[in-house]
Amino acid sequence: MANLITLTEYKEAKGLQGMKDDSQLTILIDSVSQLVKTYCNTSFVDYYTNAKTELFNISYNRAFVQLSECPVRAGGNAPVVSERGSITELYTTLTENVDYYVDQDLDSIYRIGANWPIGPGAVKVVYKAGYATIPADLKLAVIDLITYYHKDEHKTRQTIAGASLQNQGTTSQRGNVGFPDHIKRVLDLYKNF
């Protein structure tokens, strides 16, 4: 899947020239992009142009489903929503704003005037979501996280040419997964719960 930043973007942001660290930075860009996607529980760019198909198992009466990717694209990219009464039936395509409503604030699909049918794979949603370009604050957090690993800032104690360097612990925030505070604050803004 797509990375959240390119090597060129990283080098421009950090004012780097030359190719000495390119192979290590490429690996870090791949790894940090996947780390941020996993932590935030969304891919940001992977389904912006290519649609994602999501099936929902409905086990109790409810009138909404929560999509896993965000933000959901609207307009000419409105989700295609289908439902079926049992696993042996074919899906019936529903009509937006007649049978269902797309809540873009909550990235949810609401069934109008009824609950979703109960059963495995009872609801199918084909949709596009994400960003055409990564928001600037998220891109900055990704750049800082790449630098954090590239410069070994995640190590609390380092010895360089006989001198000892003591890095500050990663955070003062309770329950933190180990990101520096300024990076975690930005990632939490994009976290999909």
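Take ARG84 and decide whether it is touching a Pro at 6+ places or on another chain (Cβ under 7 Å) and either modelled with pLDDT under 95 or open to solvent by 30 Å² or more (accessible area, probe 1.4 Å) (or both). Give the steps one after another, and end with the answer.
Working: touching a Pro at 6+ places or on another chain (Cβ under 7 Å): yes; either modelled with pLDDT under 95 or open to solvent by 30 Å² or more (accessible area, probe 1.4 Å) (or both): yes.
Yes, satisfied.
Specify the residue that is surrounded by the fewest Cβ atoms within 10 Å (Cβ to Cβ); the eligible residues are those in the stretch 11-21 that are more than 25 Å from the chain's Cα centre (by Cα) and within 17 Å of VAL142 (Cα to Cα). Explain how you work it out, then say what you get.
Narrowing the stretch 11-21 to residues more than 25 Å from the chain's Cα centre (by Cα): 15-21.
Restricting the remaining residues to those that are within 17 Å of VAL142 (Cα to Cα) gives 15-16.
On the way: GLY15: 6, LEU16: 14.
The selected residue is GLY15.
Out of all the residues in the stretch 28-42, which are open to solvent by less than 60 Å² (accessible area, probe 1.4 Å) and touching a residue at least 60 places away in the same chain (Cβ under 8 Å)? Reasoning before the result, please.
The first filter runs over the stretch 28-42 and keeps only residues open to solvent by less than 60 Å² (accessible area, probe 1.4 Å), leaving 28-29, 32-33, 36-37, 39-40, 42.
If the condition is that a residue be open to solvent by less than 60 Å² (accessible area, probe 1.4 Å) and touching a residue at least 60 places away in the same chain (Cβ under 8 Å), then LEU28, ILE29, VAL32, SER33, VAL36, TYR39, CYS40, THR42 are the ones that fit.
Residue by residue, here is whether (1) among the small types (Gly, Ala, Ser); (2) on the phi > 0 side of the Ramachandran plot; (3) open to solvent by less than 40 Å² (accessible area, probe 1.4 Å); (4) touching an Asp or Glu at 6+ places or on another chain (Cβ under 8 Å) holds:
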| residue | (1), (2), (3), (4) |
| --- | --- |
| THR49 | no, no, no, no |
| LEU55 | no, no, no, no |
| PRO71 | no, no, no, yes |
| GLY75 | yes, yes, no, no |
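Here are some residues: TYR91, TYR60. Which one is within 14 Å of VAL125 (Cβ to Cβ) and over 21 Å from the mean Cα position of the chain (by Cα)?
Values: TYR60 fails: within 14 Å of VAL125 (Cβ to Cβ).
The unique qualifying residue is TYR91.
Is there any pair linking a residue in the stretch 102-120 that is among the hydrophobic types (A, V, I, L, M, F, W, C) to one that is open to solvent by 70 Å² or more (accessible area, probe 1.4 Å) and part of a loop (DSSP other than H, G, I, E, B), with Cβ under 9 Å and at least six apart or on different chains, and which?
So the pair list comes out as ILE112/ASN97; ILE112/VAL98; TRP116/ASN61; ILE118/SER59; ILE118/TYR60; ILE118/ASN61.
Out of GLN173, GLN166, GLN158, report the one residue that is of a type outside the set (Phe, Trp, Tyr), touching a helix residue (DSSP H, G or I) at 6+ places or on another chain (Cβ under 7 Å), within 30 Å of ILE27 (Cα to Cα) and at pLDDT below 90.
Working: GLN166 fails: touching a helix residue (DSSP H, G or I) at 6+ places or on another chain (Cβ under 7 Å); GLN158 fails: touching a helix residue (DSSP H, G or I) at 6+ places or on another chain (Cβ under 7 Å).
Being of a type outside the set (Phe, Trp, Tyr), touching a helix residue (DSSP H, G or I) at 6+ places or on another chain (Cβ under 7 Å), within 30 Å of ILE27 (Cα to Cα) and at pLDDT below 90 holds for just one of GLN173, GLN166, GLN158, which is GLN173.
Of (1) open to solvent by 30 Å² or more (accessible area, probe 1.4 Å); (2) more than 26 Å from VAL81 (Cα to Cα), LEU25 satisfies all except one. Which?
For LEU25, the failing item is (1).
What number of residues in the stretch 87-112 are open to solvent by less than 40 Å² (accessible area, probe 1.4 Å) and either closer than 17 Å to TYR131 by Cα or among the small types (Gly, Ala, Ser) (or both)?
Selection size over the stretch 87-112: 2.
Could you check the stretch 122-139 and list, in sequence order, the residues that are open to solvent by 10 Å² or more (accessible area, probe 1.4 Å), part of a helix (DSSP H, G or I) and in contact (Cβ under 8 Å) with a residue 60 or more places away in the chain?
Listed by number, the list holds a single entry, LYS139.
One line per residue, one yes/no per condition, for (1) closer than 30 Å to TYR148 by Cα; (2) of a type outside the set (A, V, I, L, M); (3) modelled with pLDDT of 95 or more:
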position: LEU7; (1), (2), (3): yes, no, yes
position: GLY15; (1), (2), (3): yes, yes, no
position: LYS20; (1), (2), (3): yes, yes, no
position: VAL32; (1), (2), (3): yes, no, yes
position: GLU54; (1), (2), (3): no, yes, yes
position: CYS70; (1), (2), (3): yes, yes, no
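The values are calculated or read from the model by the stated rules, or taken from the named source; none is laboratory data. This structure is a prediction, so every number in the text was calculated from the model and none was measured. Cβ coordinates were reconstructed from backbone atoms using ideal geometry, including for glycine residues, and neighbour counts include every protein chain displayed. Accessible surface areas use protein heavy atoms only, side chains included; no ligands, DNA or RNA. Shrake-Rupley method; radii C 1.70, N 1.55, O 1.52, S 1.80 Å.
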